[in-house]
Amino acid sequence: MATWLKRGVEAAVLRSAAKQVRDIVEATLADIEARGDAAVRDLSIRFDGLDRKSYRLTQIEIDDCLGQLSERDVKDIEFAQKQVGNFAKHQRNSILDVEVETMPGVILGHRNIPVNAAGCYVPGGKYPLLASAHMSVITARVAGVPRIVTCAPPFNGKPAPAIVAAQHMAGADEIYCLGGIQAIGAMALGTSSIAPVDIVVGPGNAFVAEAKRQLFGRVGIDLFAGPTETLVIADESVDAEMCATDLLGQAEHGPDSPAILLTTSRKLAEETMVEVERLLAILPTAVIAQKSWSQFGEVIVADSDDEMICIADEIASEHVQVMTRDPEYFLERMTNYGALFLGSRTNVAYGDKVIGTNHTLPTRKAARYTGGLWVGKFIKTCTYQKVLTNEASTLVGEYCSRLCALEGFAGHGEQANLRVRRYGHRDVPYGGAAEPLLITTG
């Protein structure tokens, strides 16, 4: 049986905080819907300290942001975007249209159609997270979305040059300097200056996540996301420094980012806890990481690899770093995770920034039913049907007629009966169920 050497805060604390966020977001979205651009401006001034006539960046402003980056910066962004784009293209190529003759004269199929407009949120109030621009904009572009809108909050009171450059280089059509609820609301609901989109994607803080949740249905969203999560699965084949580094590397995201160590080695668990404290004394982002580790960090000692798999699937973490003698064992058996990072040579930061897989991933156990952002999130799989012969329409119509009669749907049944009368030359009374024809093959 597993032993918890350290636990995080109680669930009741999280529920209480979540209710406050829900109430604030609900009122704010109602204000945006009622007052449009005026509400967006008031919220931007209040929360971001930014007042502009238009929050859409001009080409001159975009060029100015690009000019503030070094040649090395631009090449690094290009490298990361190439990796994201390459993997997204492979994903897109795996999504195929279908057309098949399921019975003589009956053609069924589906087409994969991109949405017409996507809104991509790029968080950047605390850190200028330019990587989120790659993950959303490039993925939407590869999916074939014709209009891509991006929003990112100001950083230190003005558009963040690196984020703007990444948005532009990724192919965004409209770039806005807007953050928080006002950005999500403006993209989803639309204002007089911002046309609404069909889907809103991208990570963000609790208010951004809740805004997406409340707007789901009016627009599509990528997934329900909360604070960044990381789970490190390890055994004696790795050392405490590696485990502690990978835990704190994600804990620095925010003061409510869970970081969990799951191991079969009590010795490694205890050494990692000591190593975490040592690193917190020198980590530049220790103020945030310390709070996250203190309140949400966990250390679990399991009896076996199989028990670790059971616990890991129950946790259903956003990021799962597997550093064991046989990482493939976990790849073959785990079912609930946002993304796996297999072996000590890779890590979550690679996935977050540059390696090519998407970093917008499910949190708060959503990995039980969804994966992360990918090209398929921007694509609708839409079915169609064709009936090419009188015989096929009559055959399907008779079955349909009788099944409609079982359900009491007379109008539905008459749709079928009309075809049987027209194409099978059968005298079916209005509202009655057709009897089967004798079908012979020869």
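The values are calculated or read from the model by the stated rules, or taken from the named source; none is laboratory data. As the structure is a prediction and not an experimental result, all values here were calculated from the model. Note: ideal-geometry Cβ built from the backbone for every residue, glycine included; neighbour counts use all protein chains shown. Heavy atoms of the whole protein, side chains included, go into the accessibility calculation; ligands, DNA and RNA do not. Shrake-Rupley method; radii C 1.70, N 1.55, O 1.52, S 1.80 Å.
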Residue by residue through the range 227-247, note down the ones that are farther than 24 Å from R325 by Cβ and either touching a strand residue (DSSP E or B) at 6+ places or on another chain (Cβ under 8 Å) or of a type in the set (A, V, I, L, M) (or both). T228, E229
Select from the range 343-387 the residues that are part of a strand (DSSP E or B) and buried (at least 16 other Cβ atoms within 10 Å of the Cβ) and list them in ascending order. I379, V387
Looking only at the range 330-351, count how many residues are farther than 20 Å from H90 by Cβ and either out of contact with any helix residue (DSSP H, G or I) (no Cβ under 7 Å at 6 or more places or on another chain) or modelled with pLDDT under 95 (or both). 2
Residues being outside any strand (DSSP E or B), more than 19 Å from I77 (Cβ to Cβ) and in contact (Cβ under 8 Å) with a residue 40 or more places away in the chain: count how many of those fall in the range 154-178. 3
Matching residues, the range 388-403, being of a type outside the set (F, W, Y), part of a helix (DSSP H, G or I) and either open to solvent by 90 Å² or more (accessible area, probe 1.4 Å) or within 30 Å of D313 (Cα to Cα) (or both): E391, L403
Can you pull out every residue in the range 133-175 that is modelled with pLDDT of 95 or more and of a type in the set (S, T, N, Q)? S136, T139, T150, Q167
Does P196 satisfy the criteria of being open to solvent by 10 Å² or more (accessible area, probe 1.4 Å), at pLDDT below 95 and in contact with a strand residue (DSSP E or B) (Cβ under 8 Å, 6 or more places away or on another chain)? no
Please state which one of A11, A34, A30 is at pLDDT below 95, over 27 Å from A166 (Cα atoms) and out of contact with any Ser or Thr (no Cβ under 9 Å at 6 or more places or on another chain). A11
Residue under evaluation G190, criteria (1) crowded, with 20+ Cβ neighbours inside 10 Å; (2) under 27 Å from R22 (Cα atoms), criterion not met: (1)
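Hey, among L395, L373, L418, L406, which residue is without any contact (Cβ under 8 Å) to a residue 40 or more places away in the chain and in contact with a helix residue (DSSP H, G or I) (Cβ under 9 Å, 6 or more places away or on another chain)?
On the way: L395 fails: without any contact (Cβ under 8 Å) to a residue 40 or more places away in the chain; L373 fails: without any contact (Cβ under 8 Å) to a residue 40 or more places away in the chain; L406 fails: in contact with a helix residue (DSSP H, G or I) (Cβ under 9 Å, 6 or more places away or on another chain).
One residue alone meets the criteria, L418.
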For the structure I just gave you, tell me whether V122 is in contact with a strand residue (DSSP E or B) (Cβ under 7 Å, 6 or more places away or on another chain) and either modelled with pLDDT of 95 or more or under 28 Å from Q182 (Cα atoms) (or both). yes
Being open to solvent by 90 Å² or more (accessible area, probe 1.4 Å) and not in a strand (DSSP E or B): is that true of R422 here? yes
Residue by residue through the range 49-108, note down the ones that are farther than 28 Å from H359 by Cα, of a type in the set (K, R) and open to solvent by 60 Å² or more (accessible area, probe 1.4 Å). K53
Which numbered condition L406 misses (of (1) surrounded by 12 or more Cβ atoms within 10 Å (Cβ to Cβ); (2) under 42 Å from the mean Cα position of the chain (by Cα); (3) in a helix (DSSP H, G or I)): (1)
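Could you grab me the full set of residues in the range 62-97 that are of a type outside the set (A, V, I, L, M) and not in a helix (DSSP H, G or I)? Show your work before the answer.
Looking only at the range 62-97, we keep the residues that are of a type outside the set (A, V, I, L, M), and these are 63-65, 67-68, 70-73, 75-76, 78-79, 81-83, 85-87, 89-94, 97.
Scanning the range 62-97 gives Q68, S70, S94, D97.
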In the range 37-64, which residues are in contact with a helix residue (DSSP H, G or I) (Cβ under 7 Å, 6 or more places away or on another chain), over 20 Å from A162 (Cα atoms) and among the β-branched types (V, I, T)? V40
